[in-house]
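Here's the structure, in structure tokens; my notes come after.
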Amino acid sequence: MSDVWIRLVRPDEHDRVARLTVDAYGHDYDLPDDYRASLADVATRAREHEVWVAEDLATGELLGTVATPRPGEHISELGRDGEIDFRLLAVDPAARRRGIGVLLTEHVVALARQRGLHRVVMNSGPQMTGAHALYHRLGFVRLPDRETRVVHGGTLLAFGYDLAPQTQGARS
């Protein structure tokens, strides 16, 4: 999608990304106050991790966001050595059905490849069935052995995507 650019959030956009994230999650789910506050805390997230945005190049609108760890780190207890974990994938409700969630997820997969990692993992709330369908379409599989964290609404589901090993050139 050449009309959308994925880049790191700028500090002057933290409030916009906070509103987008809260609106995206609140559009479909009843949000407890503590979770709403966590979703809105983009400044802390950007200080500790990487917060990516999908920007519409024609309008400058921010269409979606996702958070990843900095190289060599993890964003949640789900991530293990050789993996990248991501959190808080959100698409503005007005931008849904444009493939923004796919683009952001594919961006995380590309980061994993760039960093030489072998798997992408993430948690998703049990009620987030639309997100689950997206992840399944992209080739993610459930990781039931990692489903140990209980939050509002039940146990978080864990998903993983194994990257195919990069083939090395033949040696003579």
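The values are calculated or read from the model by the stated rules, or taken from the named source; none is laboratory data. Only a predicted model underlies this, so the values are computations on that prediction, with no experimental measurement involved. Counting neighbours? That spans all protein chains shown, and the Cβs are built from the backbone with ideal geometry, glycine included. To get the accessible areas, we keep the full protein, side chains included, count just its heavy atoms, and leave off ligands, DNA and RNA. Shrake-Rupley method; radii C 1.70, N 1.55, O 1.52, S 1.80 Å.
Can you pull out the residues in segment 8-46 that are among the small types (Gly, Ala, Ser), within 17 Å of the chain's Cα centre (by Cα) and over 20 Å from residue 126 (Cβ atoms)? Break it down stepwise before answering.
Let us first name the residues in segment 8-46 that are among the small types (Gly, Ala, Ser), namely 18, 24, 26, 37-38, 40, 43, 46.
Checking the rest, the ones that are also within 17 Å of the chain's Cα centre (by Cα) come to 18, 24, 26, 38, 40, 43, 46.
Within segment 8-46, 18, 40, 43, 46 meet the criteria.
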* Asked: So which strands (runs of 3 or more DSSP E) stay within segment 84-172 end to end and still have 2 or more residues that are of a type in the set (Asp, Glu)?
  -> none
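What do you reckon, is residue 23 of a type in the set (Asp, Glu) and in contact with a strand residue (DSSP E or B) (Cβ under 6 Å, 6 or more places away or on another chain)? I'd like the intermediate steps shown before the answer.
Numbers: of a type in the set (Asp, Glu): yes; in contact with a strand residue (DSSP E or B) (Cβ under 6 Å, 6 or more places away or on another chain): no.
Answer is no for this residue.
Within segment 67-74, can one find any residue that is out of contact with any Cys (no Cβ under 8 Å at 6 or more places or on another chain), outside any loop (DSSP other than H, G, I, E, B), among the polar types (S, T, N, Q) and touching a residue at least 24 places away in the same chain (Cβ under 8 Å)?
Yes, that holds for at least one residue.
Which residue, of 78, 20, is in contact (Cβ under 8 Å) with a residue 60 or more places away in the chain and closer than 23 Å to residue 115 by Cβ?
On the way: 20 fails: closer than 23 Å to residue 115 by Cβ.
None of the others qualify; the one that does is 78.
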* Would it be correct to say that residue 113 is charged (D, E, K, R), more than 12 Å from residue 50 (Cα to Cα) and either in contact (Cβ under 8 Å) with a residue 12 or more places away in the chain or open to solvent by less than 40 Å² (accessible area, probe 1.4 Å) (or both)? -> yes
